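The values are calculated or read from the model by the stated rules, or taken from the named source; none is laboratory data. Owing to the predicted nature of the structure, the values given are computational and were not obtained by experimental measurement. Virtual Cβ from ideal backbone geometry, glycine too; neighbours counted across all protein chains shown. For the accessible areas, the whole protein counts, side chains as well, though only heavy atoms, and no ligand, DNA or RNA atoms are used. Shrake-Rupley method; radii C 1.70, N 1.55, O 1.52, S 1.80 Å.
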Amino acid sequence: RTSKYFLRFMFAALALGLSPPTAPLRLAAALLAPALRTSPPPLLAAGGARTSKTVAVNRVARREFEILDEYEAGIALVGTEVKSCRAGKMNLRDGFCSVKAGECWLENVNIAQHGTTGGYFNHDEGRRRRLLLHKREIRKIGQAVARDGLTVVPLSAYFNARSCLKLKIAVARGKKLQDKRETIRRREQDREVRRQIKQAF
């Protein structure tokens, strides 16, 4: 409040053509400097540590595919898509990634249109979206797909501590029926072990 009164006094003096002393000007600048330097706070946990917010998880991917290599990618979105993602309206279930002309693209992923935005300004829900990766990562992914016949699937989407949307993708190989049965058997065994430990303690 004091800094506000100082500024009003200085602006009034300057408007009248007066020459106020420099000391109050310096004091006002010193009081206002911290406020001008502040930036929006990051996502913080209860203990003050930076955290992230999960938007969508592709649970089918780990059941249907054997994960070989994982990457973190940025994604190019328009404003209404970001708003919808913050509301959790993103579906990765049927999505996959392709490499074309030196770029990596996210295909067949649905981001619902923003509810309070008119249709003219809204986005296409199933459009192809460019992923932001290093060139060497794109080359490595492209070689794995072309040479070994592997698939690139999205695993999850989340906002990191800087509130940037990130997508975790994986180079994967489709599981055979026997592999799927083995995965189910291991999952049931792990569930049974956790249940017995919970009952014991």
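List pairs: first residue in region 48-67 and closer than 16 Å to Ile184 by Cβ and assigned to a strand (DSSP E or B), second residue modelled with pLDDT under 85 and open to solvent by 50 Å² or more (accessible area, probe 1.4 Å) anywhere in the structure, Cβ distance under 9 angstrom, at least six positions apart or on different chains.
If the second residue must be modelled with pLDDT under 85 and open to solvent by 50 Å² or more (accessible area, probe 1.4 Å), the pairs left are Glu66/Asp179.
Tell me, yes or no, whether region 149-157 has at least one residue that is without any contact (Cβ under 8 Å) to a residue 40 or more places away in the chain, farther than 21 Å from Gly79 by Cα and not acidic (Asp, Glu). Spell out the reasoning first.
Just the residues of region 149-157 that are without any contact (Cβ under 8 Å) to a residue 40 or more places away in the chain, to begin with: 149.
Applying the additional criterion that residues be farther than 21 Å from Gly79 by Cα yields 149.
From what's left, not acidic (Asp, Glu): 149.
So far as region 149-157 goes, yes, one or more of its residues are without any contact (Cβ under 8 Å) to a residue 40 or more places away in the chain, farther than 21 Å from Gly79 by Cα and not acidic (Asp, Glu).
Name the residues in region 121-142 that are in a loop (DSSP other than H, G, I, E, B), over 14 Å from Pro154 (Cβ atoms) and basic (Lys, Arg), would you?
Arg127 - this is the single residue of region 121-142 that is in a loop (DSSP other than H, G, I, E, B), over 14 Å from Pro154 (Cβ atoms) and basic (Lys, Arg).
Which of the residues spanning region 95-139 are buried (at least 16 other Cβ atoms within 10 Å of the Cβ), farther than 21 Å from Val78 by Cβ and among the charged types (D, E, K, R)?
Glu137 - this is the single residue of region 95-139 that is buried (at least 16 other Cβ atoms within 10 Å of the Cβ), farther than 21 Å from Val78 by Cβ and among the charged types (D, E, K, R).
Among the candidates Leu155, Leu132, Leu167, single out the residue that is in contact with a helix residue (DSSP H, G or I) (Cβ under 9 Å, 6 or more places away or on another chain) and either at positive phi or of a type outside the set (Ser, Thr, Tyr) (or both). Explain how you work it out, then say what you get.
Details: Leu132 fails: in contact with a helix residue (DSSP H, G or I) (Cβ under 9 Å, 6 or more places away or on another chain); Leu167 fails: in contact with a helix residue (DSSP H, G or I) (Cβ under 9 Å, 6 or more places away or on another chain).
One residue alone meets the criteria, Leu155.
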